[in-house]
Amino acid sequence: MPSASDVLALSPVVPVVVVDAVEQAVPVARALAAGGVPLVELTLRTPVALDAIRAIAAEVPEVAVGAGTITSPGAAKQALDAGAQFLVSPGCTPTLLAAMADTGLPFLPGTATVSEAIAVLEAGYRTMKFFPAEASGGVGYLSTLPTVIPDAVFCPTGGISAANAPAYLSLANVACVGGSWLTPRDVLAAGDWARVTVLAHEAATLR
C-alpha cells in the first residue's frame, strides 16, 4: 500500500474535482492523465461522487482516484468501498483520524493551525492537508512552520491557482498543492476534455 507521501509525489498538483454527472468521471480522469497528472481527488459534494469514484477505479486504472471532503467515519468507509485509493479531509478530529486510518488507505488529514498539525504529528502522521490555505495565512504562514514543526509536510488547498501555486511549491514543507482550476465545472459540463488536458499539462510542469 502506498503512503500519503507516495500519492503526493505523483504530481505537483492534486486536481480537486467536483462532478455533477457520472458520465464526466472517466473522461476527466483520462484527460488529466493525458496531461501528465495521474491522480484525482474527487470530492464527496454531489450525489454522484461515489459512483464516479467507482467508474474511475474500474475504467482508468492508471489514475489514482481519491475521495475528498471526508467529514465522517461513514464517508471514509463508503469511499473505501467505492474503490478510492486515498482519502482527504478538510479538517480532523481524533474520531475521523482513526476512521481514515482504519480503512488502510493513505490519507491527508486536514489542518489549519499549529495545534491541529501537532495533533496529527502526535498520532503518527506527518503528511497533511492545509485548508483553507489562502484564508488561513497562505504562503507567509506556511513559511514560518518549519521552525516549530519541522516534521510536518503539507498539501495546501483552498484558494490555490496557477498564479500562486509556484510560491507554495517553493516551500520546503510543501509536497504539492491541491486545486480546482484544472477542472472548472463549466469546462466539465461542456465536455471540453482537451482543455482539461492543457490545464493538466501546465500544472504538471509547475516544478
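Among LEU32, LEU206, LEU87, sorting on how many other beta-carbon atoms sit within 10 Å of each Cβ, with the fewest leading, yields LEU206, LEU87, LEU32.
Among THR95, THR69, the ranking by other beta carbons within 10 Å of each residue's beta carbon, starting with the fewest, stands as THR95, THR69. Overall, the anisotropy analysis places region 64-124 in the prolate class: the square-rooted eigenvalues a ≥ b ≥ c of its C-alpha gyration tensor yield a/c not less than 1.5, with a/b exceeding b/c.
The GluC sites (Glu not before Pro) of region 15-114 that meet both conditions, a loop assignment by DSSP and at most 13 other Cβ atoms within 10 Å of the site Cβ, are GLU62. Assuming a ≥ b ≥ c are the square roots of the Cα gyration tensor eigenvalues, decide whether the chain counts as rounded (a/c under 1.5), prolate (otherwise, with a/b larger than b/c) or oblate. Cα axes put the chain in the oblate bin.
Tell me, how many Å apart are the Cα centres for region 183-204 and for region 9-79? Result: 14 Å between the Cα centres. In the chain, Cα pairs under 8 Å separated by at least six residues give a relative contact order of 24 percent. Taking the chain as a Gaussian network of alpha-carbon nodes connected by springs under 10 Å, the highest mean-square fluctuation of the residues GLY91, GLY35, GLY104 belongs to GLY104. Each of SER3, SER115 was scored by other Cβ atoms within 10 Å of its Cβ. Listed from fewest to most, they are SER115, SER3. With a ≥ b ≥ c the root eigenvalues of the C-alpha gyration tensor of region 34-100, is it rounded (a/c under 1.5), prolate (a/b larger than b/c) or oblate? It is prolate, given that a/c is not under 1.5 and a/b is the larger ratio.
Every number in this text was worked out from the coordinates using simple rules, so none of it is lab data. These numbers come from a predicted model, not from an experiment. Backbone-built Cβ (ideal geometry, glycine too); neighbour counts: all protein chains shown.
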